[in-house]
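Written out below as C-alpha cells is the structure these notes cover.
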Amino acid sequence: MVDRYDVVVAGGGPAGLIAAKTAAAQGGKVLLLELQAQIGGQIQSANWAPSELLTPNLKDAVVSDVKEVRFHSSRHRLIARGNFGSIIDRGVFDKLLANEAIAGGAEIIVGCPVKELLIGGEAVRGVRIEAGGWREDIECEVVIDATGARGEWSGLMLKKAMGMDWNAEKLIVSNEYLMANAEDDQAVDIFFNSYFSPQGNAWIYPLGRSLALAGIRGVRIHPDIALDEFMGRMKIPRLEKASPIAAYRAQLPFRSDPVTYGNGIIAVGSSAGQVYPLSGHGLKYAMECGEIAGRVAVDAITEGDVTKKGLEEYERRWRSKFGVELKIGQLLCEGLKISPDKKINLLFDLADELKLQDAIVKIFTGAELKPSISKLFEHAGVRKIFGREIYEKIIAMCE
C-alpha cells in the first residue's frame, strides 16, 4: 500500500466498485477499502436489476429473468407479464464488479473499516482505518463515501464531515430471509399491506434451485418481527414447505441528502440517499452515480481543485440525470401515505380495468418513469387517488 492515493473509496458495494473502476480508468491512483472480510459478503443475497445494467461481463450473476410480476393488495391481485429485468446474486455480482475494478488498476483491501476522516483545515484529506489494535492513516485528494446507510460505520460524509446522523423518521428498515426448499415459481410477488409494512411493501424473488428471497420494508417496524408475522399470516403457497437459512437486515433513507459533496469528499449510493422511494431499489443509481463520482473526482484532481467548488459538478450531473425521478418517487409515496390500502386497491382495480399493468411495474421500479406516469395519469380515477396537488406536481416534472 502506497502512502498517498488520488482517490480512496470507502465501501465495496456496487457504488464504490464502479467509482473505483471509473477513477482508475481515468488514470487515478485508487484504493477501495471494504469493511467486510469479502466483497459481496454479508450484505444481501439478491437484487432486482434493470436489464440495461447487465453487461455481458455481469450476466453470470443472473439467477432468474423477471417475466411475470404479481402485485397483491388486501383485495386484489394484479398480474403483469413482460421483460422486467433480472434477479441477480449480489455475492457473485459484486465480485464480478471487483474483478473489473482490479483489472482496471484499482487496489482493493477487505476487512478494513474506515472509522474516521482525516480533516485538515476545512477539507477532507484522507481516511483512518482501524481493526483490532491496528490503525493507519491514508491520505488522498478525494474520498468517495460509498459506505451505505446501515451500521455504525455507514454514512461517512454525513456523520464525520457534516456532523449529522440519519434521521430515524426518514429511514425505512428491512429484513430478508433466504428461503430453502421453496416452490420453483419464477414470478416476482410484491405485497402491499400497511399493517405489516407501513409506507413500504413485502416481496418474494425467485432465485432458482428451490431458493427464494422473502423480504419486507417499512417505517417504524421491527423488521424481524414484521417479516415473521407477514409470512406466518399470509400463508404464501410458494413458501409453504420452505425454511429460512440466512437473514439480511438493512436500512435506507427516504430521500437524497440536500448536499452530496464537500471539500475533498463525495457521497454516492445509499450514503447519498440515491434510492428510489417507492420500491427501495437503488442498484441503478449506485452504479451510474458511482461512475459519475469516479469521473468527477479524477477531473477535479487533474484541474487542481478538489474543494467543494471543484466537486460540485458531481452534484449537478447526478441530479440532472436522476433528481426528477427520485422526487417523483417521493411524491408518489406522499400520495399513498393516507389510507394506503384503500388507495392501492383502487389503483389496482383501475390498472386491471384499463390494462395498465405494464405501467404499474415500471412506475414501481422507476423504469421508463416519465412515459409510464403520463400514461397512468391520463385517467381521472388515478388522478383522484393521488389528489390534485400531487398530480400537478408530478405532471409538471414529466413535461
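The values are calculated or read from the model by the stated rules, or taken from the named source; none is laboratory data. Given the structure is predicted, the values throughout are model-derived calculations rather than measurements. Cβ atoms come from the backbone with ideal geometry, glycine included; neighbour counts cover every protein chain shown.
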* Within the stretch 365-378, work out how many residues are among the aromatic types (Phe, Trp, Tyr) and either in contact with a His (Cβ under 9 Å, 6 or more places away or on another chain) or without any contact (Cβ under 8 Å) to a residue 12 or more places away in the chain (or both). => 0
* To do: Scan the strands (runs of 3 or more DSSP E) fully inside the stretch 67-146 and keep the ones with 1 or more residues being more than 30 Å from residue 163 (Cα to Cα).
  => 68-72, 77-81, 86-89
* Structure fact -> Among (1) acidic (Asp, Glu); (2) under 30 Å from residue 12 (Cβ atoms); (3) touching a residue at least 60 places away in the same chain (Cβ under 8 Å); (4) touching a strand residue (DSSP E or B) at 6+ places or on another chain (Cβ under 9 Å), residue 299 falls short only on (4)
* Right, residue 286: outside the structural domain of residue 215 (by TED's automatic domain parsing), more than 25 Å from residue 88 (Cβ to Cβ) and assigned to a helix (DSSP H, G or I) or not? -> no
* Can you find a residue in the stretch 338-353 that is in a loop (DSSP other than H, G, I, E, B), touching a residue at least 24 places away in the same chain (Cβ under 8 Å) and outside the structural domain of residue 190 (by TED's automatic domain parsing)? -> no
* To do: Give the residue, chosen from 162, 179, 157, that is touching a residue at least 12 places away in the same chain (Cβ under 8 Å) and assigned by TED's automatic domain parsing to the domain that holds residue 248.
  => 179
* Among the residues of the stretch 116-135, count how many are modelled with pLDDT of 90 or more, out of contact with any Cys (no Cβ under 8 Å at 6 or more places or on another chain) and at positive phi. => 0
* Structure fact -> Per the filter on the stretch 379-390, residues in contact (Cβ under 8 Å) with a residue 24 or more places away in the chain and assigned to a helix (DSSP H, G or I) are 381, 382, 385, 386, 390
* Being within 18 Å of residue 261 (Cβ to Cβ) and either surrounded by fewer than 24 Cβ atoms within 10 Å (Cβ to Cβ) or at pLDDT 95 or above (or both) narrows it down to one of 143, 219, so name that one. => 143
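Would you check if residue 328 is touching a residue at least 60 places away in the same chain (Cβ under 8 Å) and either out of contact with any Asp or Glu (no Cβ under 8 Å at 6 or more places or on another chain) or in the same structural domain as residue 161 (by TED's automatic domain parsing) (or both)?
yes
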* **Residues located in the stretch 56-78, provided they are surrounded by fewer than 19 Cβ atoms within 10 Å (Cβ to Cβ) and over 16 Å from residue 46 (Cα atoms)** => 56, 57, 67, 68, 70, 74, 75, 76, 77
* Kindly list the number of the only condition in (1) touching a helix residue (DSSP H, G or I) at 6+ places or on another chain (Cβ under 6 Å); (2) closer than 30 Å to residue 342 by Cβ; (3) surrounded by fewer than 23 Cβ atoms within 10 Å (Cβ to Cβ); (4) not basic (Lys, Arg) that fails for residue 85. => (3)
* Structure fact -> Among (1) at pLDDT 95 or above; (2) farther than 21 Å from residue 280 by Cα; (3) touching a strand residue (DSSP E or B) at 6+ places or on another chain (Cβ under 9 Å); (4) not in a strand (DSSP E or B), residue 7 falls short only on (4)
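For the stretch 54-66, which residues satisfy the criterion of being in a strand (DSSP E or B) and not aliphatic (A, V, I, L, M)?
Within the stretch 54-66, 64, 65 meet the criteria.
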* **Residue match in the stretch 313-336 (condition: farther than 19 Å from residue 189 by Cα and part of a loop (DSSP other than H, G, I, E, B))** => yes
* **Candidates 336, 347, 331, 278, filtered to the one that is within 22 Å of residue 378 (Cα to Cα), buried (at least 23 other Cβ atoms within 10 Å of the Cβ) and not β-branched (Val, Ile, Thr)** => 347
* **Residues (among the β-branched types (Val, Ile, Thr) and under 30 Å from residue 174 (Cβ atoms)) located in the stretch 282-314** => 292
* Asked: Is there a residue being crowded, with 16+ Cβ neighbours inside 10 Å, assigned by TED's automatic domain parsing to the domain that holds residue 243 and touching a Cys at 6+ places or on another chain (Cβ under 7 Å) anywhere in the stretch 192-200?
  -> yes
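Tell me which residues, restricted to the stretch 241-259, are part of a loop (DSSP other than H, G, I, E, B) and modelled with pLDDT of 95 or more.
Passing the criteria: 241, 242.
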